[in-house]
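K.L.:
What follows is a structure written as structure tokens; I'll ask about it next.
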Amino acid sequence: MKVSDVIKVIEDAAPLGFQDGFDNSGLQVGSPAAEARRILVTLDITEEVLGEAVSLGCDMIVSHHPLIFHPLRQVGDGTYQQRCVVTAIREGIAIYSSHTSLDNAPGGVNYEIASRLGLRDLRVLDAKDGGCGAGLAGRLPEPCSDSEFLGLLQSVFEVGCLRHSGTTGRLISSVALCGGAGAFLMKKAVEAGADCFVTGEFHYHDFFENCGMLLAELGHYESEQYTVDLLERILKNGLPSAEVCRTSLNTNPIYKLIRK
């Protein structure tokens, strides 16, 4: 199996044309003609993840977040991105990242989040051509109070510390969501008539300008953690004979101290 075979399966599900203009989804390191015998799936590329790939004998890593997002001015040991590129080349490991192409794809990251919450009647918040677009809105199977919904989020996403706007006892039925940094979609969530907007990161003033919606901030990593499951499923369904490994590492760089 070649790297190009893996790329085809991913891009059948999340074509590069779906990505946002600022993004850098796609093959980051390596050649499409190289062998891909064992694949490691991860949310982020870090030096520890590269070490794990080496120890597992993987010759390809598929991530959600791109290793190379901003152009590298040099390739040396000045930053972790540079060191990862050097290690990947030295060890013969190809790196592919499916970022906003997978965020915006039908059945992509936001659909995975919606599925975890049991949302129905899904519709894209900011639609583009081809049925893709940013964010989703849907309905809960049964309405619940805002406090109950926050408890559901904590349970489903295993969030010990959940930031949110004030609770009033209002019923939550319609939910808008976006994995990662989705605050840019808040007006779209309002237009969709959402009772609540769930994303990974909000800005401070968003909590003043929530237009009556409940805002729930999961954390960037927490909101997208199940993308690893999604990528693994795409690869195993498209390449049944492929050996796909999941990272055992928690790559979340943000720690939260919860006062008892």
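K.L.:
When you look at V124, is it closer than 17 Å to L214 by Cα and under 20 Å from the mean Cα position of the chain (by Cα), yes or no?
P.N.:
Working: closer than 17 Å to L214 by Cα: no; under 20 Å from the mean Cα position of the chain (by Cα): yes.
Against the criterion (closer than 17 Å to L214 by Cα and under 20 Å from the mean Cα position of the chain (by Cα)), V124 does not qualify.
K.L.:
One residue is enough: does region 213-229 have a residue meeting the conditions surrounded by fewer than 17 Cβ atoms within 10 Å (Cβ to Cβ) and either in contact with a strand residue (DSSP E or B) (Cβ under 8 Å, 6 or more places away or on another chain) or farther than 21 Å from G118 by Cα (or both)? Talk me through it step by step, then tell me what you get.
P.N.:
Initially, region 213-229 is screened for residues surrounded by fewer than 17 Cβ atoms within 10 Å (Cβ to Cβ), giving 229.
This time we only want the ones that are either in contact with a strand residue (DSSP E or B) (Cβ under 8 Å, 6 or more places away or on another chain) or farther than 21 Å from G118 by Cα (or both), so: none.
Within region 213-229, not a single residue is surrounded by fewer than 17 Cβ atoms within 10 Å (Cβ to Cβ) and either in contact with a strand residue (DSSP E or B) (Cβ under 8 Å, 6 or more places away or on another chain) or farther than 21 Å from G118 by Cα (or both).
K.L.:
Look at A176 and say whether it is among the hydrophobic types (A, V, I, L, M, F, W, C), closer than 16 Å to D126 by Cβ and open to solvent by 10 Å² or more (accessible area, probe 1.4 Å).
P.N.:
Spelling it out, it is not the case that A176 is among the hydrophobic types (A, V, I, L, M, F, W, C), closer than 16 Å to D126 by Cβ and open to solvent by 10 Å² or more (accessible area, probe 1.4 Å).
K.L.:
A further question follows. Take region 13-50 and flag every residue that is part of a helix (DSSP H, G or I), free of Cβ contacts under 8 Å to residues at least 60 places away in the same chain and open to solvent by 40 Å² or more (accessible area, probe 1.4 Å).
P.N.:
Taking region 13-50 first, the residues part of a helix (DSSP H, G or I) are 13, 16-18, 47-50.
Add one more test, that the residue is free of Cβ contacts under 8 Å to residues at least 60 places away in the same chain, and what stays is 47, 50.
E47 - this is the single residue of region 13-50 that is part of a helix (DSSP H, G or I), free of Cβ contacts under 8 Å to residues at least 60 places away in the same chain and open to solvent by 40 Å² or more (accessible area, probe 1.4 Å).
K.L.:
While we're here: In region 230-260, which residues are among the β-branched types (V, I, T), touching a residue at least 60 places away in the same chain (Cβ under 8 Å) and open to solvent by 80 Å² or more (accessible area, probe 1.4 Å)? Spell out the reasoning first.
P.N.:
Step one: filter region 230-260 for residues among the β-branched types (V, I, T), giving 234, 244, 247, 251, 254, 258.
From the residues that got through so far, the ones that are touching a residue at least 60 places away in the same chain (Cβ under 8 Å) too are 234, 244, 247, 251, 258.
Scanning region 230-260 gives a single hit, I258.
The values are calculated or read from the model by the stated rules, or taken from the named source; none is laboratory data. For clarity, every value in this text was computed on a predicted model and none was experimentally measured. So basically every Cβ, Gly included, is an ideal-geometry build from the backbone, and we count neighbours across all protein chains shown. These area figures cover heavy atoms from the full protein model, side chains too; ligands, DNA and RNA do not enter into them. Shrake-Rupley method; radii C 1.70, N 1.55, O 1.52, S 1.80 Å.
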